[in-house]
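Enquirer: I have a structure here, written as structure tokens, and I will follow up with some questions on it.
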Amino acid sequence: MPTSVQPALAHRFADRFPELSVAHDAAPTQHRTLLALNEPLAAELGLDPDWLRTDAGVRLLTGEAPGPHARPVAQGYAGHQFGGYSPVLGDGRALLLGELNRPSAREPSRADTGLTDLVDLHLKGSGRTPFSRPGSDGLAAVGPMLRELVIGEALHAIGVPTTRALAVAATGVTVQRDRPLPGAVLSRTAASHLRVGTFQYAAALAHQRSQQGDDASDLVARLVDESLRRHHPAADPGLDSPVSERARALLAAVVRSQAELVTRWMLIGFVHGVMNTDNMTISGESIDFGPCAFMEAFDPDAVFSSIDRAGRYAFGNQPAAAQWNLARFAETLLPLLAGTTEAAVEIAQDELAGFARHQSRAWLDGLRAKLGLGAAAAVDDAQVGGLADRLFPLLAEHGVDWTAFWANLADLAPGDDRPQVAVDADPFVPVPAALQTWYDEWASLGPDREAMRRANPRRIPRNRPLDAALTSAEAGDLADVERILAAVRDPFTPRADAPDLERPASPDAGPFVTYCGT
């Protein structure tokens, strides 16, 4: 049952990794107001929505009253940002309030739940911390924080592993960006906030301390233990196993989880926009939805982020970017993998090579589902891959909308004269005749339309409608954000209240640009 009293927050990370965190308190608000509460998530966490709406609940969600036993900390991490290494990043406008236990962990029948039931409660926009950059105010604005709520819920509903926002609260503080904006605090949940950048920071700190004669040799090993037990218990060889075996097991597990995550992004046309190493989780969850966007017209080179001027994190570059980040992760584990650098590098390369294998398997399985061929035993991987290889150039050449194409394909009968795809507006317009041959080949394989409808979302948080809704929310009108939120939580079934999320912008709308919101 939901708890109607303030939840008790654990402080496991703060206790186990004092080297990687700094105790800190959230900045006070001026006029706190709860703008959005994620009731489905609150129920999953065993929290009482009615209590969260009280002043005490909102003070928890802004970090002003996290509870008598809470120990909020700003977490330290490093990171490669667009390829350039920053040795100290950390939570410059964020705090880890502590960890919650899922309700299943509180069941009397479960004597030993391990660590997989722990959930981080984390703030964004809660003020400056010791990790804040010079000139940073440590704050966040209403629009970007509501955007994180919507994107996280959309990914979750489609089945993509992701961090999720529990709530967004207005602070009454004005945030100065290119213009004055109303301030807000996001309370976010995650399996944890351990990142590749966390390991980079720990490895550098351990090396620095060893140079000074201090022993910090177990710091990265402790992170390995924590990550295995909390996120990848199935891969854990056991606490009694050698550290080299545990480090290798973690590397293999993270490589696989990230290969599968990025593939899920690709299958739904999601472009993260800022795949720096500090934005890659050890758990395999999506995190940090700043300049992200959903691709409309299919384009492997699609870039939306205003800061990605060279297209490093373009749609089609995301698997390569993930592999690069994972190589940086492997570097932090080299001292644990083997007794010599040469042997450790060989082990790391072997495990990193698994990325392509896992990504290929996830991609082909995902395409099978999208094409409705999952149960077609007679259709082999080569046929699935060949269908995709012939389809994608046609979609790119004619600027066909990615989401609408798949949703509408699921509605077509094999006997139709020509597949039809909504590329701009109702009524549907036919795709180019060049696709007819491809359609005939696909239809002859007996696709399962109902399976396709379960695999291909009809609606996504399309860029321009969401932007317009966030602008209205900044002015105090949240009705459109609430409408979009309800629609993206139900992405597979027809509904009449969100036609703007099912079709792309008009061709004359021009390029869409996203910003990081900081």
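Enquirer: Report the FRET efficiency, 1/(1 + (r/R0)^6), for Ile307 and Ser444, where r is their Cβ-Cβ distance and R0 is 45 Å, rounded to 0.05.
Expert: 0.45
Enquirer: Using only alpha carbon pairs under 8 Å that are at least six residues apart, calculate the relative contact order of the chain and give it in whole percent.
Expert: Answer for the chain is 13 percent.
Enquirer: Just grab the label-to-label distance for Tyr85 and His207, each label 7 Å out from Cα along the Cβ direction, in nm (one decimal).
Expert: Taking the two extended label points, one gets 0.5 nm.
Enquirer: Jot down the per residue volume, in cubic angstrom and as a whole number, of the convex hull over the alpha-carbon atoms of the chain.
Expert: Normalising the Cα hull of the chain by residue number yields 165 Å³.
Enquirer: Hey, quick one: spin label on Arg102, modelled 7 Å out along Cα-Cβ, who in the stretch 152-181 has an amide N within reach, i.e. under 19 Å?
Expert: Zone members listed by number: 152-167.
Enquirer: Right, next: In nm, what is the difference between 0.36 nm times the number of residues separating Ala479 and Phe392 and their Cα-Cα distance?
Expert: 27.6 nm
Enquirer: Given just the C-alpha atoms of the stretch 1-154, how large is their convex hull per residue in cubic angstrom?
Expert: 146 Å³
Enquirer: Arranged from highest to lowest average of other beta-carbon atoms within 10 Å per residue, in what order do the peptides 143-150, 504-511 appear?
Expert: By packing density, highest mean first, the sequence is 143-150, 504-511.
No lab work stands behind these numbers, since they all come straight from the coordinates. The model shown is predicted, which means the values in this text are computed figures rather than measured ones. No Cβ is skipped: glycine too gets one built from the backbone with ideal geometry, and neighbour counts run over all protein chains shown.
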